[in-house]
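Below is one structure, written out as C-alpha cells; comments come after it.
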Amino acid sequence: MVEEIKYEDKLRNYTISELEDVERSIDREKYPERFEMILKEKEFRKNNPSYIIAEEPKPDSIFSPNWNRNVVIDDFSPRLYSKRVIYVFCVLFAVVFGGVLFIRNLRTLHIEKPVKIIRAYIILYTAFTIIVVSSFPTVRFGLLFNILGAIPFYSFFWKKYIGDDLKYQKKSYTKPLLISLLIISPFIITIFL
C-alpha cells in the first residue's frame, strides 16, 4: 500500500511525455494498478490545464532560494510545509521548531529513515547554540544562529531527502504557529517581567 502511494506521488511529478514513456515501457500484466494510475494521471493532466507550477522555476541557491519552486495547486500532490515556512519558524522561534515541521513533511511522504539524522542535527545544533550564546552573554547571537541553523533545511536536507523535483501543495502553518507561540510565550513573559 505504501509502495503504491509513493508510486502515485512519483507519477504526479512526471511531465506528460514522461508519463507516456512509462506507459509504453510498463508491464501491463504484471502491474495493472500502476498502468491504470498512469492512464488516470494522463487523463487528469489533459483535462486540467491548471495543473501547473505556481511560479516559474528560478535557480536555487543558499542565499537566494526560490521559495515557491515546485508548489502546485491541485488535489493530488502531497501537502507539505514549504521551505519558506520552515525557514521562518527556524529564524523566529528556533531551529527546533523548523526541524519539527521538516520532520512532519518527511512523515507525510512516508520517509522515516532520515528522521533520526534530522533529530540529531536539531539536538546538536541547539546544544552548540546554547553553549556559544551563553559563553558571550553581552553579544546577541541568537538570531544569527537561528538563520545559520535554517540554511541546511532548505539547501541540503530538502534536496537530499525530499527532492527538489517533488511538486507539493502548501500546508497551512496556522496550527504550528499557535503551538509555537504557546510554547515560547512563558519565555517572552519572563523577559518582560
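The values are calculated or read from the model by the stated rules, or taken from the named source; none is laboratory data. Only a predicted model underlies this, so the values are computations on that prediction, with no experimental measurement involved. Methodologically, a virtual Cβ is constructed for each residue, glycine included, from the backbone with ideal geometry; neighbour enumeration extends over all protein chains shown.
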>> Tell me yes or no: at least one residue of the range 131-145 is farther than 21 Å from R84 by Cβ, surrounded by 10 or more Cβ atoms within 10 Å (Cβ to Cβ) and modelled with pLDDT of 90 or more.
In response: no
>> So Y161 ticks every box in (1) more than 15 Å from G98 (Cα to Cα); (2) outside any helix (DSSP H, G or I) but one. Which box is left unticked?
In response: (2)
> Can you tell me which residues in the range 130-158 are of a type in the set (V, I, T) and assigned to a helix (DSSP H, G or I)?
Replying inline: I130, I131, V132, V133, I147, I151
>> Out of the residues in the range 84-124 meeting the condition of being more than 22 Å from I183 (Cα to Cα) and either of a type in the set (D, E) or part of a helix (DSSP H, G or I) (or both), tell me which one is nearest to the chain's Cα centre (by Cα).
In response: L106
> Hey, any hits in the range 158-177 for a residue that's over 15 Å from C90 (Cβ atoms), acidic (D, E) and modelled with pLDDT under 90?
Replying inline: yes
> Among the residues of the range 165-177, is there at least one that is of a type in the set (A, V, I, L, M) and assigned to a helix (DSSP H, G or I)?
Replying inline: yes
> With (1) surrounded by 11 or more Cβ atoms within 10 Å (Cβ to Cβ); (2) assigned to a helix (DSSP H, G or I); (3) at pLDDT 90 or above as the list, and A127 as the residue in question, which single condition is left unmet?
Replying inline: (1)
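Per-residue answers, yes or no, for (1) among the β-branched types (V, I, T); (2) in contact with a strand residue (DSSP E or B) (Cβ under 6 Å, 6 or more places away or on another chain); (3) touching a residue at least 60 places away in the same chain (Cβ under 8 Å):
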position: N146; (1), (2), (3): no, no, no
position: Y154; (1), (2), (3): no, no, yes
position: Y161; (1), (2), (3): no, no, no
position: D165; (1), (2), (3): no, no, yes
position: Y173; (1), (2), (3): no, no, yes
position: P176; (1), (2), (3): no, no, yes
position: I179; (1), (2), (3): yes, no, no
position: S185; (1), (2), (3): no, no, no
